[in-house]
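The values are calculated or read from the model by the stated rules, or taken from the named source; none is laboratory data. None of these values were measured; they are calculated from a predicted model. Cβ sites come from the backbone with ideal geometry, for glycine too, and all protein chains shown count toward neighbours. Heads up: the accessible areas ignore ligands, DNA and RNA and are worked out on the full protein's heavy atoms, side chains in. Shrake-Rupley method; radii C 1.70, N 1.55, O 1.52, S 1.80 Å.
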Amino acid sequence: MHIHRGRIVIVNLSNKDFDTVIKTSPVPVLVDFWAEWCGPCKAIAPILKDIDAEHSDSVVIAKVDIDQYGDLAQKYSVMSIPTLILFSNGKMVKREVGAKGKTQILGMLGL
């Protein structure tokens, strides 16, 4: 995990820290389920970095590599990627499948 200005910045989640980050974050957590070989996943990566930089006090951006942590993808019924799941207070509140533009992602986050 990386800490910046007192909060976690884009972090690659694993089985052992997923629940902790989701449940203890004081702000909503947007989890990007992705894979290295996924073109659309690579396309949204810079958008997520921009959102993280611009809204660092409002949301935590996290990533789960489905090739490394397929059990997490299975747990959250991720059938295709990219899948973005928004967690608030430890609970899944929104889900989007497929590459989305910045405006759509900000809308999902209510920003």
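Things worth noting here:
- Sulfur and carbon atoms: percent of accessible area, the chain [1.4 Å]: 53 percent
- Label zone at K23 (point 7 Å along Cα-to-Cβ), backbone N below 18 Å, region 64-84: 72-73, 75-76
- For region 85-97, backbone phi angles converted through the Karplus equation (6.51, -1.76, 1.60; θ = phi - 60°) give residue-by-residue couplings of 10, 9, 10, 9, 6, x, 10, 6, 10, 8, 8, 10, 10 Hz, Gly and Pro being listed as x.
- Along region 17-25 the Karplus relation, 6.51 cos²θ - 1.76 cosθ + 1.60 evaluated at θ = phi - 60°, assigns HN-Hα couplings of 10, 4, 4, 4, 5, 4, 7, 9, 5 Hz to successive residues, with x for each Gly and Pro.
- Solvent-accessible area of M92 with every protein chain in place, 1.4 Å probe, in Å² to the nearest 10: 100 Å²
- Only Cα pairs under 8 Å and 6+ residues apart enter the sum, and on that basis the relative contact order of the chain stands at 34 percent.
- Electrostatic dipole magnitude of the chain [Cβ: Lys, Arg +1; Asp, Glu -1; Cα centre; debye, to 20]: 240 debye
- Where Cα atoms sit under 18 Å apart: lysine pairs in the chain separated by 8 or more or lying on different chains: 21
- Surface per residue (accessible, 1.4 Å probe) for the chain, Å²: 54 Å²
- In Hz, Karplus ³J(HN,Hα) per residue of region 102-111 (6.51, -1.76, 1.60; θ = phi - 60°; x = Gly, Pro): 4, 4, 5, 5, 4, x, 4, 7, x, 10
- 5 angstrom amide H check on R95, placed H, neighbours 5+ away: L86
- For percent of Cα pairs over 16 Å apart, the value calculated from this model appears in (i) 53; (ii) 58; (iii) 62 under label (i).
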